[in-house]
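Notes for the one structure printed next.
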Amino acid sequence: MAVDTVAAPALVDDRALSRHPKAGIVYIVLGGLLVLLALTKLGGLTTTVEIDKTLSDASWAAPTSTVVLILGLAAAALGAWMIVGLPQRRYKIAGAAAVAATVLALLFWAYSEEGTVFRAESILAGALFLSMPYIFGALSGVVCERSGVINIGIEGQFLMGAFTGVLVANITGSVYAGMLGAMIAGSLSTMLLALLATKYQVNQVVVGVILNLLALGFTSFMYDQLKKADGFNTAFSVPTITWGPLADIPVLGPVLFQQKIFVYVGLVMVAVVWFLLYRTRWGLRTRAVGEHPAAADSMGVNVNRLRYWNVVAAGLLAGFGGAWFTLGNSLAFNKNMTAGLGFVALAVMIVGRWNPLGVLAGALIFGFTTQIARDLSAAGSSVPGEFLQMLPYAVTLVVVAGLIGKAKAPAADGVPYNPGDK
């Protein structure tokens with residue numbers, strides 16, 4: 001007797017072709033605008049790149065119109081390539097390359113004015129240092145949200161870390177004790193979030209906003225009190241670590257081997273968090289409670305307890321990031337000195353797709369554009385610094401809109417869990 005057979009459904013292949021005409025059209029339009037800019041506005045201009053710390057006489061000048069024209073054509077070609085259809089992995093690479101070509105073209109345009117020079121080593125070293133608060137804040141968010149808890153309170157944790165770091169450093173006379181105090185303050189700040197999110201199951205977004213306001217009010221009040229007492233809010237300086245002859249390597253030396261301790265701790269923590277999340281039992285359980293807590297519960301994982309302690313541990317990272325604002329920059333504490341960068345760290349987390357390595361890339365983008373805006377502003381460029389500072393947020397919107405692949409949060413992010421729920 002013949003047996004009817006039914007073809008098994010094809011498995012979803014990550015290498016399947018991705019066709020997103022809208023994204024490709026956007027890059028074609030951007031590339032076309034850059035080509036038009038190169039042909040009509042940039043004739044006769046040059047952009048100078050200089051290695052300013054290790055090789056004082058090394059500089060190169062390139063015709064701005066030619067570079068912008070090539071980059072514009074590249075962005076348009078990548079957009080057209082994406083319309084045709086690409087394997088999923090190559091599609092993401094093509095989208096990222098199109099964005100990079102557009103930003104690089106704008107950068108050459110910004111530095112084409114007379115009196116502006118792209119001082120490569122200083123700018124890159126400054127960009128890496130300025131990316132640190134985003135790295136610490138975003139890593140804190142990654143640990144929380146991979147566990148299923150939304151941490152909107154990073155801004156408040158920054159403030160508590162910045163204030164406590166200076167206070168403890170002044171009391172003990174040790175900048176390293178100040179860093180430890182900042183970490184503890186950040187962890188205590190998240191402890192309340194962890195308790196309310198797991199035991200009382202309060203709306204996590206609302207709790208995060210309230211904790212931000214609480215931290216702002218508390219640190220502002222304490223700042224007013226400390227102004228009346230001498231010696232409790234003076235700036236402490238963190239020494240720059242120089243790695244001997246390695247610091248003399250062109251470009252890499254000043255960028256990687258002549259920085260403050262915050263840079264090295266930040267880079268190490270990116271690797272540590274990535275390893276813990278993807279190569280350890282703790283990481284497997286953390287990702288499980290963030291994606292499918294009922295499945296983790298059925299395997300014997302105490303979901304709420306793991307979420308609680310993960311959020312408390314994440315506060316250590318955010319608190320250390322807060323110390324960057326004061327101890328890292330040799331500044332005394334001022335009211336609201338974090339200026340909303342805790343919310344920017346959340347954007348970095350989204351750009352990085354809740355992955356520590358992606359967080360590093362996103363933080364470098366934000367740090368680089370911030371450094372460029374400061375450098376051009378100091379040089380008196382006619383390009384508005386606000387326009388350059390807007391670029392990271394535009395990149396965030398591009399990612400969220402799915403033009404470089406969609407950013408998808410953990411499935412159970414922000415969803416309370418009761419043992420026995422399905």
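The values are calculated or read from the model by the stated rules, or taken from the named source; none is laboratory data. Here the structure is a predicted model, which is why all the values come from computation and not from measurement. Positions of Cβ are backbone-derived with ideal geometry, glycine not excepted, and every protein chain shown enters the neighbour counts.
Here residue 235 does not qualify as of a type in the set (Gly, Ala, Ser) and within 23 Å of the chain's Cα centre (by Cα).
Just one of the listed residues (325, 333) is part of a helix (DSSP H, G or I), closer than 30 Å to residue 175 by Cβ and either more than 15 Å from the chain's Cα centre (by Cα) or modelled with pLDDT of 95 or more (or both), and it is 325.
Residues of the stretch 245-255 that are in contact (Cβ under 8 Å) with a residue 12 or more places away in the chain and part of a helix (DSSP H, G or I): 248, 253, 254, 255.
Screening residue 264 with (1) more than 18 Å from the chain's Cα centre (by Cα); (2) within 26 Å of residue 55 (Cα to Cα) gives one miss only, at (1). Within the stretch 359-375, the set of residues being surrounded by 21 or more Cβ atoms within 10 Å (Cβ to Cβ) and small (Gly, Ala, Ser) comprises 362, 363, 367, 373. One residue stands out in the stretch 161-177 among those that are surrounded by fewer than 24 Cβ atoms within 10 Å (Cβ to Cβ), among the β-branched types (Val, Ile, Thr) and in contact with a Phe, Trp or Tyr (Cβ under 8 Å, 6 or more places away or on another chain): the one that is farthest from residue 218 (Cα to Cα), namely 175. Looking at residue 260, is it of a type outside the set (A, V, I, L, M, F, W, C), in contact with a strand residue (DSSP E or B) (Cβ under 6 Å, 6 or more places away or on another chain) and under 26 Å from residue 188 (Cβ atoms)? Answer is yes for this residue. Taking the stretch 286-303 as the range and being within 17 Å of residue 141 (Cα to Cα) and crowded, with 17+ Cβ neighbours inside 10 Å as the test, the residues that pass are 286, 287, 288, 289, 290.
For every residue, the table says whether it meets (1) in a loop (DSSP other than H, G, I, E, B); (2) surrounded by 17 or more Cβ atoms within 10 Å (Cβ to Cβ).
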position: 38; (1), (2): no, yes
position: 47; (1), (2): no, yes
position: 56; (1), (2): yes, no
position: 62; (1), (2): no, no
position: 67; (1), (2): no, yes
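Applying a threshold of 7 Å to beta carbon distances and a minimum spacing of six or more residues, or different chains, the list of pairs starting in the stretch 191-204 at a residue that is surrounded by 15 or more Cβ atoms within 10 Å (Cβ to Cβ) and ending at one that is among the polar types (S, T, N, Q) and part of a loop (DSSP other than H, G, I, E, B) reads 193/151.
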